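*Asks:* Pasting a structure below so you can have a look.
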Ligand SMILES: Cc1ncc(COP(=O)(O)O)c(C=O)c1O
């Protein structure tokens, strides 16, 4: 980021950041958020404390949005939700819960995965192991290897799963693969920890939660970490939630009681402002409709840039090697080139991405796509 900022070239392209960018290169405040924020400020009469679980109306709206209105876990009162400081807060509280319940357990994380998963889960003292997920050079999932590895995990182990828009690969499981994974988790008595940070960024709010809903229907216990940083653009407000699903009501209550104890011991209470805005949007049909529209615009822009870059790469390379960029989901894809090629793209072409060749497609604009494609074509080998 520092190198990008210091680069004075007019050609420079930032594909390294982790946030959404519009066509002007801005990370905008959504219009629905602006309107909800006004309403929240007008109606607010106190800044007194809320609770360790945050806002009740936020939690119940989130639970419904993630699990769907008719989910078995909700019907059987086995789901409990607590507002957290962003998705990171949910991941960390979930990690502490696991550590307190079964200190010797292993958490299996995908190879590759989002860089922050390791510190967020690992610093609670949990043992982390990687399961094969994606072959960056071949640009495809390693689903058979993933299942084969998880089949050898110890009973009771935890499996961290990206719910949609896998970060950094953009490669998601299809419905049949979700089904196979859910069956394996159930058969081997593994506990899924689902990370849902991009609901609405792949297809829509319901479709993007389909994997989570399916898994949560089949296993007795699950954890779900949710972030509203991306889909509501509320990054700095720290809006997230942790859903825990227990085997029965008593177990779910016990899990939630631990969650709140952990929250109290780390940050006491989650920040309220962003959650108040989110809850206001979720409860107001007009604002919710506006949000779904704005979310659709962000999703469409990314999909269009995926298509444009893939097309330009076809033109520049004369091959279909990079067609995978078109069909993957969310903001990120791995270009699948060496760290040296990433360096050359930066030093010779002013194109910035992370060392693992993760590109944020929201950094692609209609005016820079052909330049980025030509540069990649020139540097992709070696
Ligand atoms: C995979 C994944 N999980 C969780 C998060 C949590 O984000 P936040 O704590 O900003 O809500 C992110 C954000 O980049 C993410 O990419």
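The values are calculated or read from the model by the stated rules, or taken from the named source; none is laboratory data. Keep in mind the model is a prediction, meaning the values are calculated, not measured. Note that we place each Cβ from the backbone using ideal geometry, even for glycine, and neighbour counts take in every protein chain shown.
*Asks:* If only one of 300, 327, 317 is exposed (fewer than 15 other Cβ atoms within 10 Å of the Cβ) and either over 20 Å from the mean Cα position of the chain (by Cα) or farther than 25 Å from residue 378 by Cβ (or both), which one is it?
*Replies:* Values: 327 fails: either over 20 Å from the mean Cα position of the chain (by Cα) or farther than 25 Å from residue 378 by Cβ (or both); 317 fails: exposed (fewer than 15 other Cβ atoms within 10 Å of the Cβ).
Every option except 300 fails the conditions.
*Asks:* Here's a follow-up. Among the listed residues 25, 18, identify the single one that is out of contact with any helix residue (DSSP H, G or I) (no Cβ under 7 Å at 6 or more places or on another chain), surrounded by 13 or more Cβ atoms within 10 Å (Cβ to Cβ) and at pLDDT below 95.
*Replies:* Values: 25 fails: surrounded by 13 or more Cβ atoms within 10 Å (Cβ to Cβ).
Only one candidate qualifies: 18.
*Asks:* So residue 116 ticks every box in (1) surrounded by fewer than 15 Cβ atoms within 10 Å (Cβ to Cβ); (2) away from the ligand (no atom under 15 Å from the Cβ); (3) farther than 14 Å from residue 191 by Cβ but one. Which box is left unticked?
*Replies:* So the condition that residue 116 fails would be (2).
*Asks:* Also, I was wondering about something else. If you check residue 285 against the conditions, is it more than 14 Å from residue 191 (Cα to Cα), surrounded by fewer than 24 Cβ atoms within 10 Å (Cβ to Cβ) and away from the ligand (no atom under 14 Å from the Cβ)?
*Replies:* Numbers: more than 14 Å from residue 191 (Cα to Cα): yes; surrounded by fewer than 24 Cβ atoms within 10 Å (Cβ to Cβ): yes; away from the ligand (no atom under 14 Å from the Cβ): yes.
Criteria met by residue 285.
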